[in-house]
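**Student:** Could you have a look at this structure, given as structure tokens, before my questions?
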Amino acid sequence: MKKVAVMLSGCGFRDGSEIHEATLTLLALDEAGAEAHCLAPDIPQVRVVNHLTMEPVAEHRRVLVEAARIARGKVLDVARARPADYAALIFPGGAGAASNLCNFYDTDADMAVHPDVLHFARAIHEAGKPVGLICISPGMAPAIAGPGVRYTFGNAPEAEARVDAMGGQHVRCPVSDCVVDTERRIVSTPAYMYGNARIGEVASGIRRLVSAVLELA
């Protein structure tokens, strides 16, 4: 049974992992016969949002603790994880992927990925293992796989331009599909980058991504 690391960034689409995307990823992996292991960095969240009002609140939460909500308590600090133990890595989206795992949301300059997350992801990639990127998380594709990597946000011109400036090559893609860069072993799907996406469409894209990741693994 292939073990796949799923990198979480908290819990909640405005300040952590997008819960639908994370859950659909875990479900698709289980249905495909893979064993999912949830990871997250043990760091403070950049921001905390009230998901009823969509307003920031003055609270302090930790990414690992919040990710445990999705993982039903079974989540490992990425700093303690061994890349050699896994056949692949998948990043669900959500604002936390672009603010807790990296600073894509908060800088117009060179993007930086959290060192523990980047070390793990690059070790997976450099070992020839595939990396799946969902929703906003393909913003990290050039940092993980280098210039020339093909990825998708679906259809988000402003975000595409920023990642392409870092060396990415954006490919337009519907929500229910994925883009596979076979050479770089990077798979991506837009998910809720399409704000009006239906959960069934998101599920279809994530299933395709999981299938492609497992095939590359």
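The values are calculated or read from the model by the stated rules, or taken from the named source; none is laboratory data. Everything numeric here is computed off the predicted structure, so don't read it as measured data. Note: ideal-geometry Cβ built from the backbone for every residue, glycine included; neighbour counts use all protein chains shown. What goes into the accessible areas is simple: the full protein's heavy atoms, side chains included, and nothing from ligands, DNA or RNA. Shrake-Rupley method; radii C 1.70, N 1.55, O 1.52, S 1.80 Å.
**Student:** Being touching a residue at least 12 places away in the same chain (Cβ under 8 Å) and in contact with a helix residue (DSSP H, G or I) (Cβ under 8 Å, 6 or more places away or on another chain) is the requirement here; does G93 meet it?
**Tutor:** yes
**Student:** Look at A97 and say whether it is hydrophobic (A, V, I, L, M, F, W, C) and over 23 Å from I206 (Cβ atoms).
**Tutor:** Taking the combined requirement at face value, the residue does not satisfy it.
**Student:** If M111 satisfies all but one of (1) assigned to a loop (DSSP other than H, G, I, E, B); (2) within 21 Å of C173 (Cβ to Cβ), what's the number of the condition it fails?
**Tutor:** With (1) assigned to a loop (DSSP other than H, G, I, E, B); (2) within 21 Å of C173 (Cβ to Cβ) applied to M111, the lone miss is (2).
Yes/no per residue for (1) crowded, with 16+ Cβ neighbours inside 10 Å; (2) over 25 Å from A28 (Cβ atoms):
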{"site": "E55", "(1), (2)": "no, yes"}
{"site": "V63", "(1), (2)": "yes, no"}
{"site": "A67", "(1), (2)": "yes, no"}
{"site": "G73", "(1), (2)": "no, no"}
{"site": "G94", "(1), (2)": "yes, no"}
{"site": "P115", "(1), (2)": "no, yes"}
{"site": "E126", "(1), (2)": "no, yes"}
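**Student:** Here's a check for you: in segment 89-108, which residue that is in a helix (DSSP H, G or I) and small (G, A, S) is nearest to Y192 (Cα to Cα)?
**Tutor:** A95
**Student:** Next up: Can you give me the number of residues within segment 38-53 that are over 13 Å from S17 (Cα atoms) and buried (at least 23 other Cβ atoms within 10 Å of the Cβ)?
**Tutor:** Total satisfying the criteria: 0.
**Student:** So how many residues does segment 61-88 have that are free of Cβ contacts under 8 Å to residues at least 40 places away in the same chain and either on the phi > 0 side of the Ramachandran plot or assigned to a strand (DSSP E or B) (or both)?
**Tutor:** 5
**Student:** Identify, please: which residue in segment 128-157 is over 16 Å from the mean Cα position of the chain (by Cα) and within 18 Å of A197 (Cβ to Cβ) and is, among those, surrounded by the most Cβ atoms within 10 Å (Cβ to Cβ)?
**Tutor:** A156
**Student:** What number of residues within segment 1-60 are outside any loop (DSSP other than H, G, I, E, B) and at pLDDT below 95?
**Tutor:** Number satisfying all stated conditions: 4.
**Student:** Tell me yes or no: at least one residue of segment 77-84 is among the charged types (D, E, K, R), open to solvent by less than 60 Å² (accessible area, probe 1.4 Å) and more than 14 Å from the chain's Cα centre (by Cα).
**Tutor:** Yes, because at least one residue in segment 77-84 is among the charged types (D, E, K, R), open to solvent by less than 60 Å² (accessible area, probe 1.4 Å) and more than 14 Å from the chain's Cα centre (by Cα).
**Student:** Determine whether segment 160-168 contains at least one residue that is part of a helix (DSSP H, G or I), hydrophobic (A, V, I, L, M, F, W, C), open to solvent by 50 Å² or more (accessible area, probe 1.4 Å) and at pLDDT below 95.
**Tutor:** yes
**Student:** Of the numbered conditions (1) at pLDDT below 95; (2) under 12 Å from the mean Cα position of the chain (by Cα), A109 fails exactly one; give the number of that condition.
**Tutor:** Only one criterion is unmet by A109, namely (2).
**Student:** Those residues that are farther than 20 Å from S211 by Cα and open to solvent by less than 10 Å² (accessible area, probe 1.4 Å), I need them from segment 1-28; list them, please.
**Tutor:** The answer is S9, G10, G12, D15, G16, S17.
**Student:** Could you list all residues from segment 174-209 that are of a type in the set (S, T, N, Q), outside any loop (DSSP other than H, G, I, E, B) and either within 23 Å of G16 (Cβ to Cβ) or touching a Pro at 6+ places or on another chain (Cβ under 8 Å) (or both)?
**Tutor:** Answer for segment 174-209, where residues must be of a type in the set (S, T, N, Q), outside any loop (DSSP other than H, G, I, E, B) and either within 23 Å of G16 (Cβ to Cβ) or touching a Pro at 6+ places or on another chain (Cβ under 8 Å) (or both): S188, T189.
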